[in-house]
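The values are calculated or read from the model by the stated rules, or taken from the named source; none is laboratory data. None of these values were measured; they are calculated from a predicted model. Don't worry about glycine lacking a Cβ; one is built from the backbone with ideal geometry, like all the others, and counts go over all protein chains shown. Calculation scope for accessible area: heavy atoms of the full protein, side chains included, ligands and nucleic acids excluded. Shrake-Rupley method; radii C 1.70, N 1.55, O 1.52, S 1.80 Å.
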Amino acid sequence: MRINPFYESTWKSVPPINSEVRSRKQSALLPLAPINASPVPHLTSLYHFSRPGYYGKRSYPGNCGGNIIRDLLLYFQPRNVFDPMTGSGTCADVCRELEIPCLSKDIREGFDASNPASFESLNSKRFDFIWAHPPYWRQKLYTMMPGDMSRTDSLAEFLESYGRFIKNCAALLTDGGKFAILMGDYNDRAEGFVSLTYYTKRLAFEAGLRQCCTDIIRFSHGASSSRKVYRSSFIPGLHDVCMVFEKAGN
Ligand SMILES: C[S@@+](CC[C@H](N)C(=O)[O-])C[C@H]1O[C@@H](n2cnc3c(N)ncnc32)[C@H](O)[C@@H]1O
């Protein structure tokens with residue numbers, strides 16, 4: 001293969017990768033957001049705040065900072081919230097601060113959000129806003145409970161369970177209610193790169209939802225992987241994606 005001389009010289013100027021010479025700079029110039037009537041002007045498609053806020057427990061595996069939840073709630077102003085995969089209770093803490101009633105559940109206490117039977121206990125309650133931060137398939141394992149989505153053996157099994165979960169939640173939305181899902185793509189040892197953000201949209205659309213605003217790319221500040229050194233070569237993923245859906249036809 002003939003190499004374009006420009007790239008060849010660029011490659012030659014790239015220093016060898018080792019911990020001494022690797023650049024670890026942390027600044028990027030973000031585009032200016034247009035001024036608009038949003039009550040949360042800093043909430044844009046690039047969510048880059050490095051402080052997680054004092055919500056939930058940072059030590060909980062898969063914990064997400066609460067500020068993005070807070071900003072979404074301030075933007076959409078729901079009357080009540082449902083968090084079916086609460087983990088360390090980040091969303092519940094945000095709701096407490098904002099004085100919004102919130103129902104929190106998790107498989108750890110026996111609520112399997114992928115099982116329609118679990119939802120019978122909610123007595124046909126409806127929600128203006130559902131916040132969900134599901135497992136990124138088996139990237140992190142959560143519990144040994146049957147039904148835990150992080151314990152599914154194959155991608156097909158995970159997607160089956162994830163699809164049922166999205167359908168169950170979609171049925172709980174009030175008219176105009178919003179369903180926000182935070183999800184990340186994932187590089188699986190056996191399956192390779194799995195675009196879970198693509199599957200999220202596909203399953204949400206199949207459940208009769210439509211996306212109601214831009215993807216929100218959340219910069220993954222504080223991810224444990226960012227402090228690791230790997231021998232292999234790959235393009236690091238430094239974000240996950242928050243997608244907000246509503247019932248199609250709203
Ligand atoms: C990414 S963590 C959520 C972390 C949370 N956002 C926080 O900040 O602490 C995913 C959660 O989903 C729960 N989970 C997995 N499968 C579930 C299921 N079928 N039903 C309900 N919860 C489930 C796990 O126990 C775990 O707490």
State yes or no: is Ala156 of a type outside the set (D, E, K, R), open to solvent by 30 Å² or more (accessible area, probe 1.4 Å) and more than 9 Å from the ligand (Cβ to nearest atom)?
yes
Residue list for the stretch 111-140, filter: assigned to a loop (DSSP other than H, G, I, E, B), surrounded by fewer than 19 Cβ atoms within 10 Å (Cβ to Cβ) and either within 16 Å of the chain's Cα centre (by Cα) or among the charged types (D, E, K, R) (or both):
Lys125, Arg126, Gln139, Lys140
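Conditions (1) over 14 Å from the mean Cα position of the chain (by Cα); (2) open to solvent by 30 Å² or more (accessible area, probe 1.4 Å); (3) within 12 Å of the ligand (Cβ to nearest atom), marked per residue:
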{"residue": "Lys57", "(1), (2), (3)": "yes, yes, yes"}
{"residue": "Thr90", "(1), (2), (3)": "no, no, yes"}
{"residue": "Asp93", "(1), (2), (3)": "yes, yes, yes"}
{"residue": "Pro101", "(1), (2), (3)": "yes, yes, no"}
Being more than 27 Å from Asp175 (Cα to Cα) and more than 9 Å from the ligand (Cβ to nearest atom): is that true of Phe82 here?
no
Of all residues in the stretch 141-153, which are under 17 Å from the mean Cα position of the chain (by Cα) and open to solvent by 20 Å² or more (accessible area, probe 1.4 Å)?
Leu141, Tyr142
Filter the stretch 64-80 for residues that are in contact with a Pro (Cβ under 7 Å, 6 or more places away or on another chain) and outside any helix (DSSP H, G or I); the one that is surrounded by the fewest Cβ atoms within 10 Å (Cβ to Cβ) is Asn80
Among residues of the stretch 44-55, those that are open to solvent by less than 40 Å² (accessible area, probe 1.4 Å) and more than 13 Å from the ligand (Cβ to nearest atom), counted:
1
Among (1) under 23 Å from Ser118 (Cβ atoms); (2) not in a helix (DSSP H, G or I), there is one condition Ser161 misses while meeting the rest; what is its number?
(2)
All but one of (1) in contact with a Gly (Cβ under 8 Å, 6 or more places away or on another chain); (2) more than 12 Å from the ligand (Cβ to nearest atom) hold for Glu120; state the number of the condition that does not hold.
(1)
